[in-house]
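This report concerns only the one structure given below.
The values are calculated or read from the model by the stated rules, or taken from the named source; none is laboratory data. On a predicted model such as this, the values are computed, not experimentally measured, just so you know. A quick note on method: Cβ atoms are made from the backbone with ideal geometry, for glycine too, and the neighbour counts reach across all protein chains shown. With ligands, DNA and RNA removed, areas are computed over all heavy atoms of the protein, side chains included. Shrake-Rupley method; radii C 1.70, N 1.55, O 1.52, S 1.80 Å.
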Amino acid sequence: MKNTMPNTIISVKIGAEAGQGVKSAGLMLAKLAIRSGYHIYNHIEYPSLIKGGHNVLQVNISKEEVTAPRKVNDILIALNQDTINKHVTEFAGEAGLIYDSEAKIDTSKVPSTVALIGVPLSKIAKEAGNSDLLINTVALGAVTAVLGGNLIILNGLISEEFGSKGDEVVKVNVTAAENGFKFVTENYKQHLKNSLSPLESLSNFVPYMAIDGNESVALGAISAGLQYAAIYPMSPISNILAVLAENQEKYGYIYKQPEDELSAINMAIGASYAGARAMTSTSGGGFCLMTEGYGLAGMTETPLVIIEGMRPGPATCLPTWSDQGDLQMILNAHQGDFPRIVLAAGDAKEVFELTMKAFNLADKYQTPVVLIIDKNICENAQSFPLYEYPEYKIDRGKLNMQKIEGYKRYASDPEGISQRTIPGVGNFFIANSDEHDEEGYSNEESDNRNRMMEKRMTKLKTCKEQDMEKPQLFGPESAEITIVSWGSNKGTITQALKSLENVNYVHINWMSPFPAEALTEMLSKSKYILNVECNYTGQMERLIRENTKININESFLKYDGRQIYPEEIIDKVNNIRSKK
Amino acid sequence: MTKMTDLQTPHSPNWCPGCGDLNIWSSFKNAAVQEGWDSSNTAIIAGIGCHGHIVNFVKINSFEGLHGRALPVATGIKMVNNRLNVFVFTGDGDCFGEGGNHFIHTCRRNHDLTVLIHDNSLYSLTTGQTSPLTAHGFKTKSTPQGNPDEPFNPLALAIISGATFVARAYAGDMAKLTEIIVEANKHKGLSVIDILQPCVTFNKVCTHAFYRENIYYLEEGYNPSDKQKALERASEFGEKKIPLGIFYKSDRPSYEENISQIKEKPLIEIPVDRATAGELFKKYT
C-alpha cells in the first residue's frame, strides 16, 4: 500500500454484530472527518434485530462533496469473522483490513494485495477498561492512525460523546483510542497514510453537519414552528420522533406517541383543527392505516404535514431496507378525490427545506401535504454546511383568529381557499366528514356537492400556478443520455455524473401537482431517457406517462432494498452506449 | 350566557320519533345553557352513526370525524387547547367496535374529555346489526340465529382502562342526564357516560318502557371512590337491576395537567418563536 490513496473518496467499512456499536463508531469517524474539514457520506445496512445479525456502516470521506456509497472499501474494519466473509470481495485495489489479532480470525481468503493490519483490539480494550464495548473505540484509534487523522480531535469527540456518562467513562475510552492509535503507529509505519489529516484551512472554520434525513425532518419541523406531532414508531422514521420528543420542552411544542397510526393522524388532525401546526410521520405500512385520515384532512380542509419514509413492501417485507414503492399509493390512496400536495426529497438538505415548505403549503392550501423520503435518506448521514433559513417566514395562510360577522368556513373562493378559523374564537363552523355546505352542515344536494368538490380541487390548480416548482437539472442542459429519477437516487446519480460525459440528470421533487409542462420542456432536448427507480413497476415512469407524452426509452429498476451504487449507473450508461 | 335559541341551527333533528338521541340532544343543550357553553369555549366531536348527526343540530363548533375515530381527534384538540370544554359524542358501535382501541387508550391516558356514549346496543344507521354491546343471543340482521358473542361491559371496561369519571344514565331521564353531563365536564380527567337509549326502530326489547321498568339510581351514600365496589356495581344488570349514576370517580391528574408546555396557557396561545432553533444544528457538527 502506498502512502497516498488513489481515489478522491476514501471508503471505510465497519462491520460487526448488531449491538456492537457500529453506528456510533461510524458517526464518530464521520465527525472526525468533518471536523478535519472533509465531506462524508455514511451508508448503513442492518437487519431488523436488536442483538446479533450483521451490521455494517460505510463511511465515505472526501475533500469534495460525497453523496453515495461505494461498492468497494479502502479499509475494512472487521469486528467479527462474518464481516470478512461477507465483504472479502469488496476491497479496493489497494486496501487495508483492520481486525482483532487476539481473536480467532481467518484472513486466508483476503486478497494478497490487501494490507493486513492486525491490532489486539480486545486486549487493548481489556487493559483500558475491561469492557468489550471499548473494542469499537480501540478500532477508531487504529483507523485514525492508518488514515493519518488527528488524535486530539478524536479525543475531543470521545469527551463529547461520553461526557454525560462521567469522567471515568471518558477516561477509559480516551485510553482505548490512544492505545489503538499508538499500536498502529508503532507497528504499521509502512501502511500509514495522509487521508484524514486536518486540512490547512482549519482556523476559523465551521465544520459541516453530519446529518441524516430523520434528523433533518425534526429540525425542519421545529424551525418551521411545529406545535404538535403525533407519531407511532416505525422503521425507518423512528428517529424523527426521538429528536422531536427530546426537544419538546425546550421549544414548547408537544410530541405524543399514540396507540397506532390511525390515532396518530387523527390526533394531528384534531390539533390542526384547533389551530396548531401539526404533523405525523410513518412508513408505508403505517400509511395504509393513515389512509382514511388522509382523506379526512382533505375533506375537512385541515392542514396536515405527513412525512412518509419508504421501505420495501408489501406487508412487513424488509423492515430496515430501502425502496421507492409507495409513490403511487400516496398519490392514489383514499376513496374519492381530494387535493393532495405530494413532495419528495432527494437528500437530507432537501428534507430540511421541503419539511419547512410543507408546513407553509399545508396552511396555505388547508389540505394534507405529504413529503416522501426513503430509508436511505432517513438513516444515511451526509455532510452539509450548517442549515440556514433566513428567508423563511411562517405563513399560516388564511387563518383568522378574529370574530367575523356572518362567517362561513367553506365560502366559495376563486382560488378554492376559504378563510379558516379555529374553535374557541366564537366563529361557528362544522368540520364535517360528510359532504357539507359553506358553514359545514351536512348537505347531500347535487348543486352543493358539485360546488364543494370543485372548490376543493381548485386548490391544486392554484398550487400549480403559485407554488409548484419545476424539476432540477444536474449536468449539461442537453446531453446524449438524460437520467430521470427521484428520492435518494439523487446522490447516486449526481456522483456517477462526475465520471460520465454527455449525461445529465433531471431530479423530480413535485409529485402532486405534477410539473408536466416543465418536465416535457426539459426532456424535449433529450435523445435517450433513462428512468431510474427503486421499485418493481416503475411508479415514476407511470406518473410521467400519465401526465406527459414523454417517451421513456428505458427504466433501470432495483427492488432488493439496497441502495443503487454510482458504479451501477455508470455500467448502465456504458451498456446503453455499447448497444447504440 | 348561552340562550337556548343561540344553540339552534337551521336544521331540525332527523332521528326517528321517540329516539333516545333526541333526549341526549336536549339534555346536552340544557347543560350548555346552564353552563354557558358556546363556540367561544367549547368544541363537540362526533363519530359516525345516528349519533353523529348531532353536529348539525347544535350551534357550537364541531368536528364530525370518521367512524370510530372521534376520540383521537378530541385528544389532539384538547392537548393544544385545554381551555376548551371538549365533548365527544359516540355510539356503542362507533366507540367499542371500530374505535375500541382508541377507547381503552384514551381511558388509560385520562385526557380531560367528556365522552357521551349513545348506547342503544345496536348498529342502527346501517339498519340494525349487532354491536359490541348487544346482548348474547339477541337477534339482529347480522345475527338472525341470535348473537353468538358476549357483550362488553362498558362501565367496567372504562374503569379498568383508567377513566377517572364513569357514569351511566338513561336518555329518558333528562333532568338527571343533564346533571351528570355538567358533573362530567367539571371533572378533570376522562369522563365516560354510558347513556342507555332505545332504538325505537330496530330494538323492540330495550324500549323506553323496558328501561323505565328496570332502572334505579345508586343509593345515596354510595362511595364512587371505591374502585372494587364500582366494578361490582357495574357488573349488575338484570330485571329491575340496572343501576344508574356515578359509579366511579378518582382524582388522578388528567393527562393535560401533566404537560409542562401548557402549564401557563394553552399551546395555541403561546407565540411560536423558533429563532434559536439553529442552536440545535450545532450538535451535528
Out of all the residues in the range B:151-158, is one or more open to solvent by 40 Å² or more (accessible area, probe 1.4 Å), in contact (Cβ under 8 Å) with a residue 60 or more places away in the chain and farther than 25 Å from A:Met267 by Cα?
yes
B:Ile270 fails exactly one of (1) within 27 Å of the chain's Cα centre (by Cα); (2) among the hydrophobic types (A, V, I, L, M, F, W, C); (3) closer than 22 Å to B:Lys78 by Cα, namely (1)
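Scan the range B:23-42 residue by residue and report those that are within 14 Å of chain A (Cβ to nearest Cβ), touching a Ser or Thr at 6+ places or on another chain (Cβ under 8 Å) and under 17 Å from B:Val55 (Cβ atoms). Walk me through how you get there before you give the answer.
Filtering the range B:23-42 down to residues within 14 Å of chain A (Cβ to nearest Cβ) leaves B:32, B:36-42.
Imposing the further condition that a residue be touching a Ser or Thr at 6+ places or on another chain (Cβ under 8 Å) reduces the set to B:32, B:36-38.
Once the filter is applied, which keeps residues that are within 14 Å of chain A (Cβ to nearest Cβ), touching a Ser or Thr at 6+ places or on another chain (Cβ under 8 Å) and under 17 Å from B:Val55 (Cβ atoms), the range B:23-42 yields B:Ala32, B:Trp37, B:Asp38.
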Report every pair of residues separated by at least 6 positions or lying on different chains whose Cβ atoms are under 6 Å apart, first residue within the range A:452-475 and part of a helix (DSSP H, G or I), second open to solvent by 60 Å² or more (accessible area, probe 1.4 Å).
A:Lys455/A:Ser412; A:Thr462/A:Glu415
Only residues in the range B:167-184 that are assigned to a strand (DSSP E or B) count as the first member; pair them with residues that are open to solvent by 30 Å² or more (accessible area, probe 1.4 Å), Cβ under 6 angstrom, at least 6 apart or cross-chain, and list the lot.
B:Ala167/B:Ile246; B:Tyr170/B:Ile215
Report the residue count in the range A:274-294 for those that are within 14 Å of another protein chain (Cβ to nearest Cβ), open to solvent by 10 Å² or more (accessible area, probe 1.4 Å) and not charged (D, E, K, R).
2
Please state which one of A:Ala297, A:Ala271 is crowded, with 24+ Cβ neighbours inside 10 Å and at the interface with chain B (Cβ under 10 Å from one of its Cβ atoms).
A:Ala271
I need a count of the residues in the range B:92-111 that are surrounded by fewer than 23 Cβ atoms within 10 Å (Cβ to Cβ) and among the acidic types (Asp, Glu).
1
In this structure, does A:Glu415 turn out to be of a type outside the set (Gly, Ala, Ser), over 21 Å from the mean Cα position of the chain (by Cα) and at pLDDT below 95?
no
Within the range B:52-62, is even one residue at the interface with another protein chain (Cβ under 8 Å from one of its Cβ atoms), part of a loop (DSSP other than H, G, I, E, B) and over 20 Å from B:Glu256 (Cβ atoms)?
yes
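Here is a yes/no grid of residues against (1) open to solvent by 30 Å² or more (accessible area, probe 1.4 Å); (2) touching a Gly at 6+ places or on another chain (Cβ under 9 Å):
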{"site": "B:Tyr217", "(1), (2)": "yes, yes"}
{"site": "B:Asn223", "(1), (2)": "yes, no"}
{"site": "B:Glu239", "(1), (2)": "yes, no"}
{"site": "B:Tyr248", "(1), (2)": "no, no"}
{"site": "B:Ser254", "(1), (2)": "no, yes"}
{"site": "B:Leu267", "(1), (2)": "no, yes"}
{"site": "B:Thr276", "(1), (2)": "yes, no"}
Within the range A:87-117, residues open to solvent by 40 Å² or more (accessible area, probe 1.4 Å), in a strand (DSSP E or B) and closer than 15 Å to A:Val184 by Cβ come out as A:Leu116
Regarding the range A:332-348, can at least one residue be identified that is open to solvent by 40 Å² or more (accessible area, probe 1.4 Å) and either in contact with a Pro (Cβ under 9 Å, 6 or more places away or on another chain) or not assigned by the TED database to the domain that holds A:Glu292 (or both)?
no
Hits in the range B:63-108 (condition: under 19 Å from B:Asp38 (Cα atoms) and either assigned to a strand (DSSP E or B) or more than 9 Å from chain A (Cβ to nearest Cβ) (or both))
B:Phe63, B:Glu64, B:Asn82, B:Asn85, B:Val86, B:Phe87, B:Val88, B:Phe89
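Assess whether B:Gly49 counts as being within 13 Å of chain A (Cβ to nearest Cβ), on the phi > 0 side of the Ramachandran plot and surrounded by fewer than 24 Cβ atoms within 10 Å (Cβ to Cβ).
Values: within 13 Å of chain A (Cβ to nearest Cβ): yes; on the phi > 0 side of the Ramachandran plot: yes; surrounded by fewer than 24 Cβ atoms within 10 Å (Cβ to Cβ): no.
Taking the combined requirement at face value, the residue does not satisfy it.
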For the range A:436-451, enumerate the residues that are more than 7 Å from every other protein chain (Cβ to nearest Cβ) and either assigned to a helix (DSSP H, G or I) or surrounded by 15 or more Cβ atoms within 10 Å (Cβ to Cβ) (or both).
A:His436, A:Asp437, A:Glu438, A:Glu439, A:Gly440, A:Asn443, A:Ser446, A:Asp447, A:Asn448, A:Arg449, A:Asn450, A:Arg451
Restricting the first residue to the range B:256-276 and requiring it to be at negative phi, which pairs with a second residue that is open to solvent by 80 Å² or more (accessible area, probe 1.4 Å) and at pLDDT 95 or above meet a Cβ separation below 6 Å and a spacing of at least six or different chains?
B:Ser260/A:Glu249; B:Pro266/B:Arg83
Would you confirm whether or not the range B:32-44 contains a residue that is out of contact with any His (no Cβ under 9 Å at 6 or more places or on another chain), open to solvent by less than 30 Å² (accessible area, probe 1.4 Å) and under 21 Å from A:Gly293 (Cβ atoms)?
yes
With the checklist (1) away from every other protein chain (no Cβ under 13 Å); (2) of a type in the set (Lys, Arg); (3) surrounded by fewer than 24 Cβ atoms within 10 Å (Cβ to Cβ) in hand, flag the one item A:Arg311 doesn't pass.
(3)
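Tally time: how many residues in the range A:127-146 are farther than 22 Å from A:Asp106 by Cβ and not hydroxyl-bearing (Ser, Thr, Tyr)? Explain how you work it out, then say what you get.
First pass over the range A:127-146, keeping only residues farther than 22 Å from A:Asp106 by Cβ: A:127-131, A:133-134, A:137, A:140-141, A:144-145.
The next check asks that each one be not hydroxyl-bearing (Ser, Thr, Tyr); those that pass are A:127-130, A:133-134, A:140-141, A:145.
Qualifying residue count for the region: 9.
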Just to confirm my filter: which helices (runs of 4 or more DSSP H) fall fully inside the range A:483-580 and include at least 3 residues that are closer than 30 Å to A:Lys63 by Cα and open to solvent by 10 Å² or more (accessible area, probe 1.4 Å)?
A:489-497, A:566-579
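From the residues in the range A:196-213 that are more than 12 Å from chain B (Cβ to nearest Cβ) and either at pLDDT 95 or above or in a loop (DSSP other than H, G, I, E, B) (or both), which one is most open to solvent (accessible area, probe 1.4 Å)? Steps first, please.
Here is the first cut: in the range A:196-213, the ones more than 12 Å from chain B (Cβ to nearest Cβ) are A:196-204, A:213.
Next, only the ones that are either at pLDDT 95 or above or in a loop (DSSP other than H, G, I, E, B) (or both) stay: A:196-199, A:203-204, A:213.
Working: A:Leu196: 1, A:Ser197: 29, A:Pro198: 48, A:Leu199: 43, A:Ser203: 92, A:Asn204: 161, A:Gly213: 0 Å².
Only one residue tops the list, namely A:Asn204.
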Scan of the range A:14-37 for residues that are more than 13 Å from chain B (Cβ to nearest Cβ), in contact (Cβ under 8 Å) with a residue 40 or more places away in the chain and open to solvent by less than 10 Å² (accessible area, probe 1.4 Å), ordered by number:
A:Ile14, A:Gly15, A:Ala16, A:Val22, A:Ala25, A:Leu29
Among the residues of the range B:188-198, are any open to solvent by less than 10 Å² (accessible area, probe 1.4 Å), modelled with pLDDT under 95 and of a type outside the set (Lys, Arg)?
yes
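Any residue at all in the range B:29-38 that's farther than 20 Å from B:Ala175 by Cα and either in contact (Cβ under 8 Å) with a residue 24 or more places away in the chain or polar (S, T, N, Q) (or both)? Explain how you work it out, then say what you get.
Residues of the range B:29-38 farther than 20 Å from B:Ala175 by Cα: B:38.
When the remaining residues are screened for being either in contact (Cβ under 8 Å) with a residue 24 or more places away in the chain or polar (S, T, N, Q) (or both), the result is B:38.
Yes, because at least one residue in the range B:29-38 is farther than 20 Å from B:Ala175 by Cα and either in contact (Cβ under 8 Å) with a residue 24 or more places away in the chain or polar (S, T, N, Q) (or both).
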The condition from (1) open to solvent by 20 Å² or more (accessible area, probe 1.4 Å); (2) farther than 24 Å from A:Thr367 by Cβ; (3) facing chain B (nearest Cβ under 7 Å) that A:Leu262 misses is numbered (2)
Do the conditions hold for B:Asn23, that is, is it over 16 Å from A:Asn443 (Cα atoms), within 15 Å of the chain's Cα centre (by Cα) and open to solvent by 10 Å² or more (accessible area, probe 1.4 Å)?
yes
